[in-house]
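Scroll down for the structure; my scribbles are underneath it.
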Amino acid sequence: MTASPLAPGWLRHPEDINALSPGLWACDVARGAAGELEISGIGVSALAAEFGTPLFVVSEADFRARARAFKDAFDAAFADLCGGVDVYYAGKAFLCTEVARWVRDEGLRLDTCSGGEMAVAARAGLDGALLGLHGNNKSDAELVRALDLNLGRIVVDSLAELRRLSALAAARGQEANVVLRLTPGVHASTHEFIATAHEDQKFGLSMAADTGGDDGASGAGGSAAEEAVDLALKLDGIRLLGVHCHIGSQIFEPEGFALAARRLLGFLAGVRDRHGVELTELDLGGGYGIAYTEADTPRPPAEIADALAAVVREAAAEHGLAVPRISIEPGRAIVGPSTFTLYRTGTVKTVRTEAPDGTAAARRYVSVDGGMSDNARPVLYDADYSAVLASRASEDDAVMSRVVGKHCESGDIVVRDVYLPADVAGGDLLAVPGTGAYCWALSSNYNWIARPPVVAVRDGAARLIVRGETEDDLLARDVMS
Ligand SMILES: Cc1ncc(COP(=O)(O)O)c(C=O)c1O
């Protein structure tokens, strides 16, 4: 069989339509003897029968292994520089009480960014000292909750927030642990990064010299970041620990992280020169890329950790600084590949169309029982995914297919381009790997569709960790007078 003229350049015509692309699946996913997809020995048909579809299926072993791999790799790379690294799992990627406990058990901390995420962490029994709080527009209630929980760190995003937090903490006779989020002028995405002097985004305190913007800086010529440090060192109720940056997401190469680390260490040297104070914490954020399709080739954590440690060592020495305690905030790279979404197929239809080269082509649409309400990333970011026929193996030819959802939007695409067996029909099960991050977390009730459950699988047993919504859940919020 030849490749479809509709296939994008990166998509290979599969030699074996039943093969699982290495790197896309959790460590305990494989095809069983009968050809069905299994996780830790449990067939997907049994999962679908017990929990229904769509269904998020998380491998606990895979999640824990990836969490440990980050912690071990960064600890090893930075051991002689600062004694190790604090790894904050970014809960925004996917959070529930069970996951919060896995994170704690594996020696990680938890990055939250809302009152709700702090509530989940507290319910899971995590000590506030292990938590961080992010957000460009934290409410007073969220700051008070952070103070109630005695949070390990609050990542302050603006001068106005710094003043509000100072007033709230001082009124309680408390000192808030503060890290300042800076914008270092480095933006990275996948294989490229760009470095700029000025930032045009809502997050953080600019490191660029003040140019009169209304970011709360006084206009005296220094940057908002410098002014925030000056203020934080003076204000009551604030214990300034260090600085933070986050340069983007789905990043494969270490150069962008390295440049940001250099800029932040230079900034810390400036703080020392102005104030005689060496701040002790430097957070380099998250954004480590994963494989969504066979075209993605992420680097192992150790490679990134070693590259960053070399830069931090060099830049700290250049500035005569003691290496601060380093932290990172990976989300997607821990939970993303641990999970697949299981869908039941419905309508299958083929339409005539024209390929980019002008030739006549056919595209097969395979509809599933979920869609943009359980995975908004294809719509939001044009994200690519991959899929396999999961309930059985097939000996049929590979057909260029588009997996679509059941929502009332023609853009409701789950997998834009994928080869699936020609005999895929209504009632089959499809599995989409790499859906652990920013899928359930971004899910919605569009078209009054209930959010799916999440099941964790470990040692041959599956258990519900997030219950799916029912129609009663949906109707309970509709106020009828
Ligand atoms: C401040 C911050 N830290 C960490 C993350 C996690 O990023 P990722 O899941 O890509 O690692 C994000 C994601 O947006 C973020 O905004």
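The values are calculated or read from the model by the stated rules, or taken from the named source; none is laboratory data. All figures in this text were calculated on a predicted structure; none of them were measured in a lab. Here Cβ is always computed from backbone atoms with ideal geometry, including for glycine, and neighbour counts include all displayed protein chains.
Quick notes on this structure:
- For first residues located in segment 433-445 and over 13 Å from residue 380 (Cα atoms), partners that are of a type in the set (Gly, Ala, Ser) and near the ligand (Cβ under 10 Å from one of its atoms) and lie 6+ apart or on another chain with Cβ distances below 7 Å form the pairs 434/336; 436/336; 437/93; 437/331; 437/336; 441/93.
- Summed over segment 35-87, the residues that are surrounded by fewer than 21 Cβ atoms within 10 Å (Cβ to Cβ) and in contact with a Cys (Cβ under 7 Å, 6 or more places away or on another chain) give a count of 2.
- Restricting segment 143-184 to residues that are farther than 25 Å from residue 87 by Cβ and among the small types (Gly, Ala, Ser) leaves a set whose member that is surrounded by the fewest Cβ atoms within 10 Å (Cβ to Cβ) is 173.
- Subset of segment 428-454 [aromatic (Phe, Trp, Tyr) and outside any loop (DSSP other than H, G, I, E, B)]: 440, 446, 448
- If the condition is being assigned to a strand (DSSP E or B) and surrounded by fewer than 16 Cβ atoms within 10 Å (Cβ to Cβ), then segment 225-243 contributes only 239.
- Positions within segment 128-143 being without any contact (Cβ under 8 Å) to a residue 40 or more places away in the chain, out of contact with any strand residue (DSSP E or B) (no Cβ under 6 Å at 6 or more places or on another chain) and within 16 Å of the ligand (Cβ to nearest atom), in sequence order: 135, 137, 138, 142
- Test: residue in segment 295-309 that is closer than 21 Å to residue 281 by Cα, surrounded by fewer than 19 Cβ atoms within 10 Å (Cβ to Cβ), modelled with pLDDT of 95 or more and charged (D, E, K, R): yes
- Tally, over segment 37-48, of residues that are touching a Gly at 6+ places or on another chain (Cβ under 9 Å) and within 23 Å of residue 291 (Cβ to Cβ): 3
- Scope segment 319-368; condition in contact with a helix residue (DSSP H, G or I) (Cβ under 8 Å, 6 or more places away or on another chain), within 16 Å of the ligand (Cβ to nearest atom) and either on the phi > 0 side of the Ramachandran plot or not in a strand (DSSP E or B) (or both); matching residues: 330, 333, 334, 335, 337, 338
- Some residue of segment 111-127 being under 18 Å from the mean Cα position of the chain (by Cα), free of Cβ contacts under 8 Å to residues at least 40 places away in the same chain, part of a loop (DSSP other than H, G, I, E, B) and within 16 Å of the ligand (Cβ to nearest atom): yes
- Selection count, segment 406-427, where residues are in a loop (DSSP other than H, G, I, E, B) and buried (at least 20 other Cβ atoms within 10 Å of the Cβ): 2
- With respect to the stated conditions, residue 379 fails to be assigned by TED's automatic domain parsing to the domain that holds residue 96 and either among the hydroxyl-bearing types (Ser, Thr, Tyr) or assigned to a helix (DSSP H, G or I) (or both).
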